[in-house]
Protein chains: 2
Amino acid sequence: MIIDCHGHYTTAPASLQQFRDAQLARLADPRLPVPPEPEISDDEIRETIEGNQLRIARERGHDLTIFSPRASAMGHDVPDPATAAEWARVGNDLIYRVTTLFPDNFAGVAQLPQVAGEPLDACVSELERTVSWLGFVGCNLNPDPSGGYWNSPPLTDQYWFPLYEKMTELDVPAMIHVSNSANPAVHTLGAHYLNADTTVFMQLVEGQLFDRFPTLRFVIPHGGGAVPYHWGRYQGIAARQKFPPIEANVLSNVAFDTCVYHQPGIDLLTSVISADNILFASEMLGAVRGNNPDGDFPWDDTKRYLDAAKLTDDARAKIFEGNARRMYPRLDARLKEAGR
Amino acid sequence: MIIDCHGHYTTAPASLQQFRDAQLARLADPRLPVPPEPEISDDEIRETIEGNQLRIARERGHDLTIFSPRASAMGHDVPDPATAAEWARVGNDLIYRVTTLFPDNFAGVAQLPQVAGEPLDACVSELERTVSWLGFVGCNLNPDPSGGYWNSPPLTDQYWFPLYEKMTELDVPAMIHVSNSANPAVHTLGAHYLNADTTVFMQLVEGQLFDRFPTLRFVIPHGGGAVPYHWGRYQGIAARQKFPPIEANVLSNVAFDTCVYHQPGIDLLTSVISADNILFASEMLGAVRGNNPDGDFPWDDTKRYLDAAKLTDDARAKIFEGNARRMYPRLDARLKEAGR
């Protein structure tokens with residue numbers, strides 16, 4: 001089977017965004033009423049999923065998508081913990097409904113109510129709630145909740161440890177994924193996302209986080225940002241600065257996804273990084289939509305690139321399925337229970 | 001001939017750093033005396049160059065290096081304009097001496113006395129001084145003088161225009177190059193450098209800077225950060241967000257260097273980006289030193305990768321020489337004068 005480890009509900013019904021707008025309006029003007037939770041019918045969910053992610057997944061032959069709220073709308077830069085908690089709860093509940101309406105096609109991953117500089121208690125609670133009660137199989141973790149100003153400590157810092165303890169206890173991984181850039185110098189999709197992937201990888205190279213949390217697991221999306229393209233640079237820096245070998249220190253617990261939207265990029269990724277450390281993903285419908293005019297196929301049809309890449313059957317099976325089942329054991333258990 | 005467009009005087013005599021340390025100490029404690037300028041003999045310069053950059057350039061067959069003060073030591077995050085001006089002047093004067101001792105092998109590029117949030121007058125003056133009086137052929141431009149907090153406007157903002165006017169008048173390009181990261185979340189060499197390359201490229205994609213400054217030219221180092229690896233992403237985002245086509249809007253005035261330290265990276269760069277937009281560079285002795293243990297050759301021997309890349313003779317000539325002469329016309333004029 002083919003598991004797409006990186007999908008967001010970017011096509012959610014408009015009333016979700018209306019709720020968010022009302023939430024932010026009330027934050028600016030507390031005299032406004034508390035906005036009611038968005039009313040979204042099952043039919044609306046069916047329509048927005050069946051006409052979009054599910055239709056395209058079927059066309060391309062993806063079997064299951066690991067699915068979370070829209071990344072760029074997580075809005076961790078809004079400095080109000082109560083707002084963040086409510087927004088994460090509403091978004092995750094909607095993802096839960098997607099997974100109950102389409103249990104064969106979607107598995108949930110949680111948005112965490114992060115706020116820069118705040119303790120992680122609310123994140124730990126929301127992770128517990130979504131995994132233990134809603135059947136989610138992982139979470140997204142934002143290494144820069146400020147939205148482009150990078151004022152949080154590196155992911156190797158003890159600030160993050162309460163969350164890692166809960167992740168370890170629940171045996172769920174995190175996809176490292178920033179939200180929108182609030183910084184006019186840094187474009188969300190064309191810079192901030194990729195910079196975060198690159199930055200976090202280097203934080204892990206510098207640190208020894210997995211010595212302390214040996215079963216903690218991260219997926220770094222967007223093909224690892226700049227990392228595979230600069231693999232020689234990382235190897236050389238690690239040797240020169242006497243960091244532990246990257247393979248044992250980082251790659252034992254970290255994988256890259258395949259959200260790289262052209263053949264040369266996927267060829268580089270799969271030639272430089274071990275197939276054990278690559279998870280299939282398309283992020284559709286995500287940052288990049290529409291067709292490559294040169295070939296008249298969608299930019300984000302990453303399965304096409306992987307089909308064309310020089311890979312053994314074994315490597316391809318790991319990338320499409322095996323690694324995701326290993327990284328997300330709660331998903332694996334559910335699939336096994338269903339005889340898949 | 002082979003022109004390496006990206007070298008820094010990372011091997012400068014220790015008294016340069018002692019001067020800097022004294023400068024910073026006095027900034028912290030104004031009761032300390034004004035430090036005297038470092039005393040460095042011609043022999044010291046010869047020794048540090050001949051034993052390092054020049055020796056390696058000769059071994060590899062590089063003919064000329066475009067040379068600037070150490071990037072990671074530019075220290076633009078130190079918030080004192082007078083200190084920045086003095087430090088740039090001392091560093092640039094030392095580069096000038098290198099270029100007079102080895103006129104066939106080095107051409108100077110200026111450090112600018114940038115300070116986040118300050119006007120650019122001192123940068124304009126230092127550019128004028130180094131180009132008009134010291135024969136420099138370009139400058140380094142730091143898009144994030146804060147050192148990893150990204151609080152400056154994008155390079156398309158009018159804040160930067162006074163510098164662009166002077167660059168245009170003098171007909172010199174800038175290499176986009178940040179200095180050290182002052183941010184504990186962001187490693188200087190393994191994240192900040194690459195993130196800056198990626199961020200600035202996207203700033204240029206979003207804007208229309210070269211409509212206003214049609215002869216302004218930038219070199220984006222380190223192989224363009226994450227950009228070529230994600231070329232499909234940039235094409236797709238530009239189309240979706242209705243930005244002008246990248247080729248006409250950005251690549252008419254921008255080139256990437258070849259500081260990518262493994263064969264697959266150089267192969268991707270040269271297969272995705274036109275040979276008209278690639279400038280040979282090694283950044284030796286830079287971020288990455290030492291040998292790749294797999295092949296027992298230096299990571300930063302980028303000429304080796306380019307020699308092995310599938311390139312026509314015409315493309316290789318552009319990358320090694322022609323594009324640098326086009327981007328740095330003052331260098332070209334000097335070379336022609338010398339019959340080279």
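The values are calculated or read from the model by the stated rules, or taken from the named source; none is laboratory data. Just so it is clear, the structure is predicted and the values come from calculations on it, not from any experiment. Every residue, glycine as well, gets a Cβ built from its backbone with ideal geometry; the counts of neighbours run over all protein chains shown.
Matching residues to (1) more than 8 Å from chain A (Cβ to nearest Cβ); (2) not in a helix (DSSP H, G or I):
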| site | (1), (2) |
| --- | --- |
| B:T156 | yes, yes |
| B:E165 | yes, no |
| B:V178 | yes, yes |
| B:S181 | yes, yes |
| B:P184 | no, yes |
| B:V200 | yes, no |
| B:Y229 | no, no |
| B:G236 | no, no |
| B:E247 | yes, no |
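Here the helices (runs of 4 or more DSSP H) wholly within region B:1-98 that include at least 1 residues being of a type in the set (K, R) and buried (at least 16 other Cβ atoms within 10 Å of the Cβ) are B:14-28, B:54-60. Among the residues of region A:125-146, those that are in contact with a strand residue (DSSP E or B) (Cβ under 7 Å, 6 or more places away or on another chain) and either surrounded by fewer than 16 Cβ atoms within 10 Å (Cβ to Cβ) or in a loop (DSSP other than H, G, I, E, B) (or both) comprise A:L134, A:G135, A:F136, A:V137, A:P143.
Checking every residue in region B:119-140 against the condition of being within 11 Å of chain A (Cβ to nearest Cβ), at negative phi and more than 18 Å from the chain's Cα centre (by Cα) gives zero matches. Of the set (1) within 7 Å of chain B (Cβ to nearest Cβ); (2) assigned to a loop (DSSP other than H, G, I, E, B), all apply to A:A191 but (2). State whether the residues of region B:156-164 include one that is among the aliphatic types (A, V, I, L, M), in contact (Cβ under 8 Å) with a residue 12 or more places away in the chain and in contact with a Leu (Cβ under 6 Å, 6 or more places away or on another chain). Yes, that holds for at least one residue.
Among the criteria (1) touching a residue at least 40 places away in the same chain (Cβ under 8 Å); (2) closer than 29 Å to B:P143 by Cβ, the one B:A88 does not fulfil is (1). Scan region B:250-276 for residues that are more than 11 Å from every other protein chain (Cβ to nearest Cβ), surrounded by 24 or more Cβ atoms within 10 Å (Cβ to Cβ) and not in a strand (DSSP E or B) and report the count. Residues that pass the stated criteria total 2. Screening A:P173 on (1) over 22 Å from A:R334 (Cβ atoms); (2) buried (at least 24 other Cβ atoms within 10 Å of the Cβ) shows it passes everything except condition (1).
Against the definition (hydroxyl-bearing (S, T, Y) and within 28 Å of B:H230 (Cα to Cα)), how does A:T156 come out, yes or no? Yes, satisfied. Take B:E169 and tell me if it is of a type in the set (D, E) and free of Cβ contacts under 8 Å to residues at least 40 places away in the same chain. Criteria met by B:E169.
Taking the conditions (1) under 22 Å from the mean Cα position of the chain (by Cα); (2) part of a loop (DSSP other than H, G, I, E, B); (3) farther than 26 Å from A:W231 by Cβ; (4) touching a residue at least 60 places away in the same chain (Cβ under 8 Å) in turn, B:R340 satisfies each one other than (1). Inclusion of B:A116 among residues that are within 21 Å of B:D77 (Cα to Cα), touching a residue at least 60 places away in the same chain (Cβ under 8 Å) and within 14 Å of another protein chain (Cβ to nearest Cβ) is not warranted. Residues of region A:288-302 include at least one that is of a type in the set (A, V, I, L, M) and at pLDDT below 95.
Within the set A:A196, A:A191, the sole residue that is buried (at least 24 other Cβ atoms within 10 Å of the Cβ), closer than 16 Å to A:H76 by Cα and aliphatic (A, V, I, L, M) turns out to be A:A196.
Consider A:F218 carefully, then state whether it is closer than 16 Å to A:I273 by Cα, modelled with pLDDT of 95 or more, crowded, with 18+ Cβ neighbours inside 10 Å and more than 14 Å from chain B (Cβ to nearest Cβ). Here the answer is yes, as A:F218 does meet what is asked.
Pairing residues of region B:295-324 that are over 26 Å from B:N52 (Cβ atoms) with residues that are hydroxyl-bearing (S, T, Y), at Cβ distances under 7 Å and at least 6 apart in sequence or on separate chains, gives B:A309/B:T270; B:L311/B:T270. Taking the criterion of being assigned to a helix (DSSP H, G or I), within 14 Å of chain A (Cβ to nearest Cβ) and in contact (Cβ under 8 Å) with a residue 40 or more places away in the chain, the residues of region B:202-215 that qualify are B:Q203, B:L204, B:V205, B:E206, B:L209. Of the residues A:V90, A:V115, the single one that is modelled with pLDDT of 95 or more, in contact with a His (Cβ under 7 Å, 6 or more places away or on another chain) and either hydrophobic (A, V, I, L, M, F, W, C) or more than 26 Å from A:V178 (Cβ to Cβ) (or both) is A:V115.
If you take the residues in region B:278-305 that are more than 11 Å from chain A (Cβ to nearest Cβ) and surrounded by 24 or more Cβ atoms within 10 Å (Cβ to Cβ), which one is farthest from A:L268 (Cα to Cα)? Out of the qualifying residues, it is B:M284.
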